[in-house]
Amino acid sequence: MQHRGEIIKDAVYKSGYSITELAKRMGKSRRWVYLMFENHSVSLDVVLHIGKIIHHNFTKEIIDMSPLKKMLLDSSSDNQSSDNNSEYWKNKYLHLLEEYNSLLKENVNHQENSDL
């Protein structure tokens, strides 16, 4: 049976996330990540953090995490609200861009008419 570090290592490699990027996102060194892969008892906080970064749910592989399933579901709903928030700002940006382009066209038309 694999220990937590090995389970995380497999998930990270399968995710395609580079060790360098994972370490950077966690604010740790690459050496720390490799040492964590060898750790039998990685803290559940670290497991959750890595899971969020690589978009992996460890609750099926790490038995101790079953009580944390609700916490993971809650955090995914936070991500959905974040996605909704980014969708709002994207739409707002597109709307403003369209208005700006419209004003530019009006300005060009106005200048062309005044030159005549």
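By a 1.4 Å probe calculation restricted to protein chains, residue 10 has an accessible surface near 60 Å², given to the nearest 10. Of 17, 93, 34, the order by accessible heavy-atom surface (1.4 Å probe, DNA, RNA and ligands excluded), from most exposed downward, is 93, 34, 17.
Across the stretch 3-19, in residue order, what do the Karplus-derived ³J(HN,Hα) couplings come to in whole Hz, using 6.51 cos²θ - 1.76 cosθ + 1.60 with θ = phi - 60° and x for Gly and Pro? 3J(HN,Hα) across the stretch 3-19, in whole Hz: 8, 3, x, 5, 4, 5, 4, 4, 5, 5, 5, 5, 6, x, 6, 6, 4.
Between residue 28 and residue 95, what's the calculated FRET efficiency when r is the beta-carbon distance and R0 is 41 Å? Round to 0.05. Kindly include the intermediate steps, with their values, before the conclusion.
Numbers: r = 41 Å, r/R0 = 0.99.
Rounded to the nearest 0.05, the efficiency is 0.50.
The values are calculated or read from the model by the stated rules, or taken from the named source; none is laboratory data. These figures come from a predicted structure and were not determined experimentally. So basically every Cβ, Gly included, is an ideal-geometry build from the backbone, and we count neighbours across all protein chains shown. Side chains are part of the model used for accessible areas, which takes the heavy atoms of the whole protein and leaves out ligands, DNA and RNA. Shrake-Rupley method; radii C 1.70, N 1.55, O 1.52, S 1.80 Å.
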